[in-house]
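One structure is given here, and the rest of the page talks about it.
The values are calculated or read from the model by the stated rules, or taken from the named source; none is laboratory data. This structure is a prediction, so every number in the text was calculated from the model and none was measured. FYI the Cβ positions are ideal-geometry reconstructions off the backbone, even for glycines, and counts take in every protein chain you see.
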Amino acid sequence: MSDIRTAALIGLGAIGAAYAERLQTHLKEDFHVLADEGRITRYKDHGIRINGRETRFRYKPLTDEAEPIDLILFGVKNDQLDEAIDCVSPFVGPETILLPLLNGISSEEDLKAAFPGNPVLYAMCVGIDAQRKDRDIRYSKLGQITFGTRAGEYPEAETAVENLFRDADVPYEIPDDIWREMWWKFMINVGVNQTSSVLRAPYGIFQTIHSARRWMEEVMKEVVLVSQAAGVGLNDRDIARFRPVLDSLSPGGKTSMLQDIEHGRKTEVEYMAGKMVELGEKYGVPVPENEHLLKVIRILEKM
């Protein structure tokens, strides 16, 4: 596929909505948010504001007669992915490109298993500080979508998405080694998302309180050690590479996991500390900080 003419998003969270706004501005009536009738009614009744702008997305009910969509972006949480896969299946044609924006390092493999004949790009969002309160979504930095393919598979799909993002003014980067970058983002999520949720701390705490930053980086160090055992090979320079990114974020901005804790929602701790405990056992690498975080955040979810 050389050109993407139609695109859709499933999962209208803060990050997905921020990028979807630009895609809809570019693609106009050829961009949709996929959702069930109940969600669509709520979205239309209450509306959505992005940085104070009234934003009216075009919605496509999951019950509609489906036609293949060129590109489907996934903005759901990890524990919603299986349901999202079932929902989008009627809209997936033989050449539909799938682009997950989820945290963690497993969603791409799940999509490949569900749609073995389709191009699945590895992707992540970096440097965006979007957060949502009721119908209001705000961000001070849009960050970028980092994406690519492994082992050179699906180069045409990669180029098609690059062309779309460039034309739609969606910030992006295509790194030389997307799998290593995915692990780097995993390291960031494991470090700052989890510690922020326990401390109830926005980014400003990690920018200004040395002991908070040091704890965050100790948690990240466990990911580095596991990555080395797994053959990915992160190192201490990768921890340092996150510091300017962190310092550029809004001091009042909050990680998605902190927002989940504050609103009484289930977190993605099973895909962060839970995954780290699993990988630590697999590779024989101790991960005491993540073992502790897994216990504490599970308790916080029930409080």
Original post:
Of all residues in the range 262-299, which are within 19 Å of S107 (Cβ to Cβ), in a helix (DSSP H, G or I) and in contact (Cβ under 8 Å) with a residue 24 or more places away in the chain?
Top reply: V269, E270, Y271, A273, K275, M276, L279
**OP:** Please verify whether the range 85-92 includes one or more residues that are outside any strand (DSSP E or B), within 17 Å of the chain's Cα centre (by Cα) and under 23 Å from G264 (Cβ atoms).
**Re:** no
Original post:
Can you tell which of E153, E158 is in contact with a Gly (Cβ under 7 Å, 6 or more places away or on another chain), more than 19 Å from L279 (Cα to Cα) and not assigned by TED's automatic domain parsing to the domain that holds M272?
Top reply: E158
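V33: of a type in the set (A, V, I, L, M), in the same structural domain as T149 (by TED's automatic domain parsing) and in a loop (DSSP other than H, G, I, E, B), yes or no?
Taking the combined requirement at face value, the residue does not satisfy it.
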Original post:
List pairs: first in the range 177-192 and in a helix (DSSP H, G or I), second of a type in the set (K, R), Cβ under 6 Å, 6+ apart or cross-chain?
Top reply: W179/R150
Original post:
In the range 50-72, is there at least one residue being part of a strand (DSSP E or B) and under 23 Å from W179 (Cα atoms)?
Top reply: yes
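Here is a yes/no grid of residues against (1) among the polar types (S, T, N, Q); (2) touching a Ser or Thr at 6+ places or on another chain (Cβ under 8 Å); (3) assigned by TED's automatic domain parsing to the domain that holds M182; (4) modelled with pLDDT under 95:
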{"residue": "D70", "(1), (2), (3), (4)": "no, yes, no, no"}
{"residue": "K77", "(1), (2), (3), (4)": "no, no, no, yes"}
{"residue": "L81", "(1), (2), (3), (4)": "no, yes, no, no"}
{"residue": "T96", "(1), (2), (3), (4)": "yes, no, no, no"}
{"residue": "D129", "(1), (2), (3), (4)": "no, yes, no, yes"}
{"residue": "R132", "(1), (2), (3), (4)": "no, no, no, yes"}
{"residue": "R135", "(1), (2), (3), (4)": "no, no, no, yes"}
{"residue": "L142", "(1), (2), (3), (4)": "no, no, no, yes"}
{"residue": "I145", "(1), (2), (3), (4)": "no, no, no, no"}
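Rundown of residues vs (1) surrounded by 15 or more Cβ atoms within 10 Å (Cβ to Cβ); (2) within 20 Å of the chain's Cα centre (by Cα), yes/no style:
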{"site": "D177", "(1), (2)": "no, yes"}
{"site": "W184", "(1), (2)": "yes, yes"}
{"site": "M187", "(1), (2)": "yes, yes"}
{"site": "L199", "(1), (2)": "yes, no"}
{"site": "K221", "(1), (2)": "yes, no"}
{"site": "D260", "(1), (2)": "yes, yes"}
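Take G127 and tell me if it is of a type outside the set (S, T, Y), touching a Cys at 6+ places or on another chain (Cβ under 7 Å) and in contact (Cβ under 8 Å) with a residue 24 or more places away in the chain.
no
Assess whether A35 counts as being closer than 19 Å to N78 by Cα and crowded, with 20+ Cβ neighbours inside 10 Å.
yes
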Subject >> In the range 227-254, the residues that are touching a residue at least 60 places away in the same chain (Cβ under 8 Å) and charged (D, E, K, R) >> reply: K254
